[in-house]
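The values are calculated or read from the model by the stated rules, or taken from the named source; none is laboratory data. The model shown is predicted, which means the values in this text are computed figures rather than measured ones. Every residue, glycine as well, gets a Cβ built from its backbone with ideal geometry; the counts of neighbours run over all protein chains shown.
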Amino acid sequence: MTLTNRLSRVSDRVGSEQIMLLAMLSIAVYMFIGSYSFSWAAAFFPRIMASATVLGVLLLLFRNYLPAALKQYVSTSVSIVNEDVRTEQIEEQVGDRSDETDQTPEMIWGSSPGFVTVLLMGAYIFGSYLVGMLWVTPFFVAAYLLWFEVRWLYVAILSAFSFGLAYTFMRLLLIDIDSGLLFDGGMLL
Amino acid sequence: MFGLVFGTVIGMIPGLGPNLGMAVVLPLTVQIEGIAAILLLVSIYSGAMYGGSVAAILINAPGTAAAAATTFDGYPMSRKGRARDALSISAISSAFGGAFTIVILIFLSPVLVFIVLLFGSPEYFLIAVLGLALITIVSEGSMVKGLTAGSFGLLLTSIGLPVMTAEPRYTFGYFTLYNGISFVVALIGVFAIGEMVKLANEQGVIAQSDVEVEGSLRSGAKEVLKNPVTTIKSALIGGLIGAIPGAGASISNFISYGEAMRASDAEDGFGEGNPKGVIASEAANNGTVSGSLIPTLSFGIPGSGSMAVLLGGLLMHGIRPGPDLFTTNLYVTQSIFLALLVGNLVILVAGLLLFTRAGIITRIDTTYIIPIVICFAVLGSYGLRNNWFDVISVFAFGVLGYYMSKHDYSIIALVLGIVLGTIVEENLYRSMQLSGEVPVFLTRPLSMLLIVAILVILLGPVIKNRWGGQKGTT
């Protein structure tokens, strides 16, 4: 089997759910091992919860390889609400607004609106850390709205509004968001 | 008043909802007094329950999950030129449903006090586990997914200084982490950021054309008065279901609608604009508000996501759920009940006079709202404790909440785990100290009862499947 085929088979099996579960597993395993450096009083709770999390994650990760009865228990929803009534009628009358629920793993890492939102948010937080949230907030709002091709007038209005919002937070909660690592409220550091 | 109006507007915009409205306001309540903060949060919740019906009736898209069943008959009424009738039915039913159940709750309070006083540390620990188990059977997704999410939430609360020792855990030497992960940050991340990412993928405005609001307020009011049994029954259903942890108004409106259908004649035309359908859904979802206060105030087990935020608000202002809320701090509980009672009257007046003319709110493009909500969330998270760890946490929880929701993992279970983690650990530790050779859980009747209930919930699906399989083969 070529490397490309192997990578393709892996990418078919590893979706966002598996990545999320692996992240949870890593954190739980780390915290379980770390609990052995604490005294009993401090260790018992994280050890119990880490064990429960690891067990749950492993069952979910390998559910396709479990015996039939266990697989059914792990996979099947046991909601006491009659989902047929709820989902059918909602989908008939409201329509399925979500276009992303059955997206392939490849689409997640493309230019989906959700991905762009997360990316811009990450840049917003990083920029705020460097320069100050007060100054970066209107740029974030403007960047977001421009990416979604909103009219310039609304971009200007909402950017100004967001600056006012950030200023209100600064005065109300007494937080220093007008300076960052590189910028000190008017002076470059 | 501000809370009611804000909550109603939030509820009217599809894709938002009371969880988000309460979560973004939560950091701002630090500056106001505890009671006022709790009243603000409760008012937002109550307002959003009503607000969701406006979008459901006018544009066939429920503003909140609690108004989903309202679309079945509310929108057809709107299509027949009776939108104003439907909106007035919604306002009156919501107000009655909420007020009626609050009055019942006030009369039930002495009984609640008696029950709550029977609970000790072992029972508080077990009721938290029971709450988590219950959530997994009332929300979508498998039970194992729900329990895993809940365990992960509980695990994350291990970061920082535990209550019973001064030994820092998983802090990497950073003083910032000594206070652990703020549950407010988790609430904001999951309910605000996570929902905005989801909304960004959905995009746009639901209503593509102008909405005609025709009909008569008086005619709508008469319909409610003609159906007192449906109204009262639906309010009671809402209150009862609200008392089940994890259930919430998203379930009660369907069950109430189903019951109204069952109790009616076949010719009643449900789904084609029957006012009883709107009455059933709306009386139930506002009745749920009062019902969900029972587990939240009595045991600290939120009845819904919004109650989880309210619980966060209570804890943030130093108000601990439990017997104190019905004895020493009874004034807090009484204030909440009174605020809800008055709030339902305000919903009635504002709903009839104001929101029947506010259909344009339902047409706001969510593209304009998403970046503003994100700013609210990020600013609020930094404003909580003035540290960047909270900002990074809100981002991480937002992404986690989005993917959990996408793959049918219960975000309510995750949030419940984070909110209750400290309380659970404290009560578990205390119970283990109380235990002798026999664990204390096995020596107290109430604890045994709770253990049986937990086992029934966890093993129920297995037994049900086996039973169903055996019946099929005979």
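Numbers below:
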read-out	value
Residue within region B:24-40 that is of a type in the set (G, A, S) and crowded, with 24+ Cβ neighbours inside 10 Å present	no
Count - residues of region B:2-55 that are in contact with a His (Cβ under 6 Å, 6 or more places away or on another chain) and more than 14 Å from every other protein chain (Cβ to nearest Cβ)	1
From A:V57, A:V29, residue being modelled with pLDDT of 90 or more, surrounded by 20 or more Cβ atoms within 10 Å (Cβ to Cβ) and closer than 22 Å to B:V424 by Cβ	A:V57
Subset of region A:137-146 [of a type outside the set (S, T, N, Q) and at the interface with chain B (Cβ under 10 Å from one of its Cβ atoms)]	A:P138, A:F140, A:V141, A:A142, A:A143, A:Y144, A:L145
Members of region B:378-408 that are modelled with pLDDT under 90 and more than 7 Å from chain A (Cβ to nearest Cβ)	B:G380, B:S381, B:L384, B:R385, B:N387, B:S405, B:D408
Residue, surrounded by the most Cβ atoms within 10 Å (Cβ to Cβ), within region A:32-43, restricted to residues that are in contact with a helix residue (DSSP H, G or I) (Cβ under 6 Å, 6 or more places away or on another chain) and small (G, A, S)	A:S35
Test: residue in region B:58-80 that is more than 14 Å from every other protein chain (Cβ to nearest Cβ), out of contact with any Leu (no Cβ under 9 Å at 6 or more places or on another chain) and in contact (Cβ under 8 Å) with a residue 60 or more places away in the chain	yes
Any hit, region A:100-109, residues being modelled with pLDDT of 90 or more and surrounded by fewer than 17 Cβ atoms within 10 Å (Cβ to Cβ)	no
Selection count, region B:182-216, where residues are more than 12 Å from chain A (Cβ to nearest Cβ) and at pLDDT 70 or above	9
Top-ranked residue of region A:154-181 - restricted to ones that are in contact with a Phe, Trp or Tyr (Cβ under 9 Å, 6 or more places away or on another chain) and in a loop (DSSP other than H, G, I, E, B), ranked as farthest from the other protein chains (Cβ to nearest Cβ)	A:D178
Residues being more than 15 Å from B:I370 (Cα to Cα), free of Cβ contacts under 8 Å to residues at least 24 places away in the same chain and surrounded by 13 or more Cβ atoms within 10 Å (Cβ to Cβ) - total across region A:153-168	2
